[in-house]
Amino acid sequence: MTSGTLLAQITDYANRADPYPLYAELRKQPVRREDDGTYLVSTYYEVRSLANDPRLSNDTSNRPSGYARVGQPDPETGLPPSFIFTDPPVHDQLRDTINRPFGPPHSPRFLDGLRGELAKAVTELLDAFEGKDQVDIVEDFAYPLPVTAICKVLGVPREDEPRFHGWADALASSIDPHSGADGGPEKAQRARQEMGAYLTGLIETKRRHPGPGMLSALAPDMTPADLEATAVLLLVAGHETTVNAITNTTLTLLRHPDVLDRFQKDPDLAVPLIEEVLRYEPPVQFVPWTTALADIDIAGTTIPKGSPVWLMLAAANRDPRRFKDPDRFDPDRRDNEHLGFYTGIHYCFGAPLARIELHLAVPELFRRVTFSRLLEDPPPYRANAVLRGPRHLPVAIESLTA
C-alpha cells in the first residue's frame with residue numbers, strides 16, 4: 001500500500017476524528033482497487049448486495065498469503081474462529097445454537113428480563129456524577145454499562161466484571177487490520193490467554209452448577225473451545241460497539257443543541273434519533289475481512305477470485321443515492337434502513353441488546369444531566385479505525401437531577 005492511497009488515509013489516525021470527506025471521495029468510484037489488491041466497496045446498494053452475496057466469504061483462511069487473517073484459530077489458546085469468521089453451513093449451525101438462549105423464538109423474554117438490572121446500573125452510574133463539575137462520558141458511563149450487560153448475558157459473577165473491561169479493550173484492537181504499530185496484537189494475545197484461562201474454569205463450573213446466563217445454557221450443546229470463542233466474540237462485539245454507540249450519540253447530541261432540546265422535551269424521539277446516529281456515526285465503520293470466492297462483477301468492475309474486499313459501511317450510510325442530504329443529522333429521516341449493524345447473515349448478533357442499552361442509557365442520561373459544554377471537540381479518538389469512537393469524551397456538567 002502506498003501512502004497516497006485512500007485506504008491509507010482512511011486508516012491514518014490523523015483522519016480519525018472526521019473520515020467522512022474521505023468516504024465521499026471513495027464513493028466517486030463505488031468499487032475501487034487499492035495498490036495492494038484490496039477492493040474497497042463504498043456505495044450503499046453495492047455494499048448491501050455484496051454483504052448478502054454467498055460468493056463473499058467471512059472465513060479469512062480463504063485469503064491469499066500476505067493479507068491479515070483476523071479471526072483464525074489461535075495456536076496459543078487453541079480457540080477456533082468465532083462464528084462471525086465462518087461461512088455456511090458452519091456459521092448457520094453455530095449461530096442458531098448460540099441464539100437459542102439469547103432471543104426469539106426459543107428465548108423471547110431473555111433480553112427483556114435484563115432491563116431491570118441494566119436500568120439499575122444506569123441509575124448507579126449517573127448517581128456517581130453527584131458533586132462533579134465534569135465527567136468523561138466514556139470512562140464514567142459508556143464503558144462500564146456494556147461490561148455489566150455482557151457479563152449479565154454470559155452469567156459472569158459481578159465481582160469479576162472489572163476484569164472484562166481491560167480484556168475488551170485489548171481484544172478490540174485485534175479487529176483493526178493496522179493495529180501492529182501500537183502493540184495491539186501482543187495485548188490482544190495476552191487478553192485472549194487470560195480470558196481463556198478464566199472462561200475455562202467458569203464454563204466447567206457452569207457445567208457442574210448451572211445458573212443464569214448463556215454460558216450455562218450453551219454448555220451442554222457446545223464444545224468448551226467453541227463456547228470460549230463465542231464468549232470472546234460477544235465480549236468484543238457486544239461491548240465495544242455499544243460503547244461507541246452511546247458515546248457517539250452523546251457527542252452528536254451535544255453538537256446539535258436544537259435536536260437535544262427537542263429530545264429533552266419529547267423522549268419519544270429516542271427511537272428515530274438513535275437509529276439516525278447509527279447511520280450518521282456508525283460504531284463499526286467497515287468490515288475488512290471478507291474475500292471473494294469467485295470473480296464478482298459489480299458496478300462495472302470485476303473483483304477477482306481470492307481478492308480481499310472491504311465493505312465500507314460508514315461510507316455507504318452517507319451515500320446520497322440512498323439517503324437525502326446524507327451529511328445532515330436528521331432524526332426525522334424516513335425509511336432509515338442504515339447499515340449501522342451490518343446486514344445479511346452476519347447482521348450484528350448483539351443488535352437487540354445494544355438497542356436495549358441505548359434506549360435505557362441515552363434518555364436517562366439527558367433527563368438527569370444538564371451539560372454545559374464539551375471540553376474537547378473533537379475529542380481524542382481511539383486508534384482503532386474499524387471500531388471508531390472517542391477514547392475519552394470530557395464534558396462539563398451544569399446540574400444533575402434525581
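Compare the Cα positions of Gly238, Leu293, Leu218 along the charge dipole of the range 206-298 (+1 at Cβ of Lys, Arg; -1 at Cβ of Asp, Glu; about the Cα centre) and return the one farthest towards the positive end.
Highest projection toward the positive end goes to Leu218.
Take the alpha-carbon positions of the range 130-278, form their convex hull, and give its projected area averaged over all directions (one quarter of the hull surface) in nm².
Here the figure is 11.8 nm², rounded to one decimal.
Length gain on complete extension for the stretch Leu293 to Asp35, per 0.36 nm per residue less the alpha carbon to alpha carbon distance?
90.9 nm
Any idea which of Leu400, Thr252, Ile303 is furthest toward the positive side of the dipole for the chain, if Lys and Arg beta-carbons carry +1 and Asp and Glu beta-carbons -1?
After comparing all options, I get Ile303.
Which Cα, out of Gln193, Pro21, Pro81, lies furthest along the positive dipole direction of the chain (beta carbon charges, K/R +1, D/E -1)?
Towards the positive end, the residue furthest out is Pro81.
Placing unit charges on C-beta atoms (Lys and Arg positive, Asp and Glu negative, everything else neutral), compute the dipole magnitude of the chain about its Cα centre in debye, rounded to 20. Don't skip to the end; give the middle numbers.
Numbers: 43 positive and 57 negative charges, 118 e Å.
Using only the charged Cβ atoms, the result is roughly 560 debye.
Quick check on packing: order 307-314, 20-27, 350-357 by the mean number of other C-beta atoms within 10 Å, highest mean leading. Write down the numbers at each step before the final one.
Values: 307-314: 24.1, 20-27: 18.1, 350-357: 21.0.
Averaged packing, sorted descending, gives the order 307-314, 350-357, 20-27.
Give, in nm to one decimal, the length gained when the segment between Asp133 and Arg262 is fully stretched (0.36 nm per residue of separation minus the Cα-Cα distance).
This chain segment gains 44.0 nm when fully extended.
Step through the table entries Lys132/Lys152; Lys28/Lys265; Lys152/Lys305, compare each Cα-Cα distance with 31 Å, and write down the pairs that go over it.
Lys28/Lys265; Lys152/Lys305
Please report Rg over Rh for the chain, where both radii come from the alpha carbon positions and Rh follows the Kirkwood definition.
Working: Rg = 20.7 Å, Rh = 21.8 Å.
Rounded to two decimals, Rg/Rh equals 0.95.
What spacing in nm lies between the two simple spin-label points modelled at Ser61 and Val271, each 7 Å away from Cα in the Cβ direction?
Output for this residue pair reads 4.4 nm.
For the range 201-302, build the convex hull from the C-alpha positions and give me its volume per residue in Å³.
Values: hull volume 19.6 nm³, N = 102.
Per residue, the Cα convex hull of the range 201-302 comes to 192 Å³.
Which length gain, in nm to one decimal place, applies between Asp377 and Arg115 when the Cα-Cα distance is subtracted from 0.36 nm times their residue separation?
Length gained, Asp377 through Arg115: 91.1 nm.
Just from its helices, what would the mean residue ellipticity at 222 nm be for the chain, if runs of 4 or more DSSP H residues each count -39500 (n - 2.57) and the sum is divided by every residue, rounded to the nearest 500 deg cm²/dmol? Walk me through the numbers on the way to the answer.
Values: 14 runs with 172 residues, N = 402.
Rounded to the nearest 500, it is -13500 deg cm²/dmol.
For Lys187, go through the aspartates and glutamates and keep the ones whose alpha-carbon is under 17 Å away, minus same-chain ones fewer than eight residues off.
Answer for Lys187, where 17 Å is the Cα cut-off: Asp74, Glu76, Asp169, Asp176, Glu240, listed by chain and number.
Please report Rg (one decimal) and Dmax (integer) in Å for the Cα set of the range 15-148.
21.1, 56
Every number in this text was worked out from the coordinates using simple rules, so none of it is lab data. These figures come from a predicted structure and were not determined experimentally. Note that we place each Cβ from the backbone using ideal geometry, even for glycine, and neighbour counts take in every protein chain shown.
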